[in-house]
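None of the figures in this text is laboratory data; all of them are computed from the coordinates on show. Just so we're clear, the structure is a prediction, and the values are computed from it rather than from any experiment. Ideal geometry is used to build each Cβ from the backbone, glycine not excepted, and the neighbour counts take in all protein chains shown.
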């Protein structure tokens, strides 16, 4: 773990974007900062890296959904804008998990929860969530867990 927090990295990125006059990047970074600050104000607490990751992960999901809807509506310029924002946010996310790593985590979570079938899906997902937040799309994870559990 580095000695700079994710919030510090965000703040530094905002400063650099201002210095370099990167307007689009600055807007996206400030949106992320505002989302973090909003939760800190609402909950009256300082957010740690895990909490900031959850905020960024939620922002990514929103942009992924919006891009998909824009694609369906034939609004390519708006879909491209959402994807550009996603690329900026992804810079602050941990490295994505490979399929092999994900498969291993799913199998160990199933063992840890002693899951027998689909009725145990929630327990398996709850076991996995802290390990994979920000490293995998939760929708894709859900499909993979469902497939493994259905095969039991």
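With the largest listed first and rounded to whole Å, the semi-axes of the equivalent ellipsoid of the range 6-90 from the Cα gyration tensor are 24, 17, 9.
Taking every alpha-carbon pair within the range 82-127, the share separated by more than 13 Å comes to 65 percent. All Cα-Cα distances of the range 50-116, cut into 10 Å bins from zero to the largest, leave 19, 31, 30, 16, 3 percent in each bin in turn. The shape of the range 99-150 can be summarised by an equivalent ellipsoid whose semi-axes, obtained from the alpha carbon gyration tensor, come to 16, 11, 10 Å from longest to shortest. Label-to-label distance for residue 65 and residue 121 is 1.8 nm, based on points extended 7 Å past Cα in the beta-carbon direction.
State the three equivalent ellipsoid semi-axes of the chain, derived from the C-alpha gyration tensor as the square roots of 5 times its eigenvalues, in descending order and whole Å. Square roots of five times the eigenvalues give 32, 20, 13 Å. The helix-based estimate of mean residue ellipticity at 222 nm for the chain, built from -39,500 (n - 2.57) per DSSP H run of four or more residues and divided by its residue count, is -25000 deg cm²/dmol to the nearest 500.
Placing pseudo-labels 7 Å out from each Cα toward the beta carbon at residue 15 and residue 34 gives an inter-label distance of 2.2 nm. Structural descriptor for the chain: relative contact order 21 percent, calculated from alpha carbon pairs under 8 angstrom and at least 6 residues apart.
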